[in-house]
Amino acid sequence: MNGKKSIVHIVFVVLGFVVIPARVLAFCHELEVVQRPRLRYVASHTRPVEIQWFGHATFQITSSKGTRILADPHSRSDLPWPMLDQHIVTTSHPHGAHSNIWMAKGSPVVLEGLTPGGENWQKIHTTVRDVAVYNVPAYHDKSQGLQRGKNAIFVFRVDDICIAHLGDLGHLLTPPQLKLLGKIDILLVPVAGGMFTVTPSEAREVTKQVAPRIAIPEHYWWDGAVEQFTQGLTRVRHLNSSLLRISKPELPPPTEIVVMTWERR
């Protein structure tokens with residue numbers, strides 16, 4: 001009986017996220033609207049979106065208007081820290097290497113994907129300045145959180161580019177999760193070997209599920225991880241930098257893998 005109650009509870013928790021108002025789904029679920037020639041012409045005259053990797057799972061995403069998002073701030077002293085003030089900080093779960101909100105300078109809006117103890121997801125669908133943000137419930141493992149708890153995927157709509165940060169995703173995505181994600185342009189995908197996130201081969205499968213224009217591997221620290229992730233893939237571009245600048249019209253057709261340079265302090 002207790003097992004049945006647990007299953008019912010899980011179903012209701014997930015449904016609580018599946019039944020989302022249409023205005024939230026519009027964030028990244030109807031991109032054909034922003035692909036009209038008139039809007040594409042306007043977008044081509046804006047500054048590009050900047051995506052900078054600070055190692056581990058930490059990214060700074062900057063809109064054309066200068067709004068900065070810091071996703072999953074790490075706590076490591078051997079990795080670089082951002083120097084500029086942040087406007088938004090997101091954390092996929094409360095583990096220290098993903099929730100060091102004190103890394104962020106300024107007075108940012110902090111959006112935590114889970115409750116402070118990590119027991120439950122916090123439903124987020126909001127707009128801060130010129131950036132729309134929402135999250136999708138997921139798990140840190142393949143046993144619905146029984147081993148390492150829950151995880152929140154964050155989606156940012158920045159200058160009509162939809163960017164998904166998978167956090168510490170530990171499993172392949174389900175059809176309801178893919179529906180909640182919407183049409184993703186850039187996927188930040190962990191390849192941390194199976195203990196902390198999906199394995200490189202599973203990350204490759206998740207990338208195929210999402211079918212983004214660009215996938216950026218992250219959350220790895222050993223030689224050969226990227227090679228395992230890109231095995232069998234032909235469109236792989238290596239940057240001599242931890243920074244990608246791109247605008248909506250410059251996005252390639254699905255899917256190009258962009259490998260950023262690993263940097264340490």
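The values are calculated or read from the model by the stated rules, or taken from the named source; none is laboratory data. Fair warning: this is a prediction, and the values are worked out from it, not measured in the lab. Heads up, the Cβs are rebuilt from the backbone with ideal geometry, glycines too, and the neighbour counts pull from every protein chain shown. Quick note on the areas: whole protein, heavy atoms, side chains included, nothing else; ligands and nucleic acids left out. Shrake-Rupley method; radii C 1.70, N 1.55, O 1.52, S 1.80 Å.
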Can you work out which of the residues in the stretch 62-117 that are at pLDDT below 90, assigned to a loop (DSSP other than H, G, I, E, B) and in contact with a strand residue (DSSP E or B) (Cβ under 8 Å, 6 or more places away or on another chain) is most open to solvent (accessible area, probe 1.4 Å)?
94
Can you tell me which residue within the stretch 228-239, out of those that are among the hydrophobic types (A, V, I, L, M, F, W, C) and closer than 24 Å to residue 264 by Cα, is surrounded by the most Cβ atoms within 10 Å (Cβ to Cβ)?
229
Just to verify a result, which residue in the stretch 198-227, among those that are in contact with a strand residue (DSSP E or B) (Cβ under 9 Å, 6 or more places away or on another chain) and free of Cβ contacts under 8 Å to residues at least 40 places away in the same chain, is most open to solvent (accessible area, probe 1.4 Å)?
204
Find the residue count for the stretch 51-61, including only residues that are open to solvent by 10 Å² or more (accessible area, probe 1.4 Å) and farther than 15 Å from residue 219 by Cβ.
2
Is it the case, given these coordinates, that residue 189 is touching a Lys or Arg at 6+ places or on another chain (Cβ under 9 Å) and surrounded by 23 or more Cβ atoms within 10 Å (Cβ to Cβ)?
yes
Restricting attention to the stretch 112-143, report how many residues are closer than 15 Å to residue 157 by Cα and not β-branched (Val, Ile, Thr).
6
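Can you say whether residue 242 is crowded, with 17+ Cβ neighbours inside 10 Å and small (Gly, Ala, Ser), as far as the supplied structure shows?
Working: crowded, with 17+ Cβ neighbours inside 10 Å: yes; small (Gly, Ala, Ser): yes.
Taking the combined requirement at face value, the residue satisfies it.
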One residue is enough: does the stretch 149-166 have a residue meeting the conditions open to solvent by less than 10 Å² (accessible area, probe 1.4 Å), assigned to a loop (DSSP other than H, G, I, E, B) and at pLDDT 95 or above?
yes
Being modelled with pLDDT of 95 or more and either hydroxyl-bearing (Ser, Thr, Tyr) or in a helix (DSSP H, G or I) (or both) is the filter; apply it to the stretch 205-227 and report the residue that is farthest from residue 264 (Cα to Cα).
209
Look through 178, 169, 244, 173 and report the one residue that is under 29 Å from residue 132 (Cβ atoms), in a strand (DSSP E or B) and of a type outside the set (Phe, Trp, Tyr).
244
Note on the stretch 70-100: residues without any contact (Cβ under 8 Å) to a residue 40 or more places away in the chain, closer than 15 Å to residue 133 by Cβ and aliphatic (A, V, I, L, M) are 70, 89
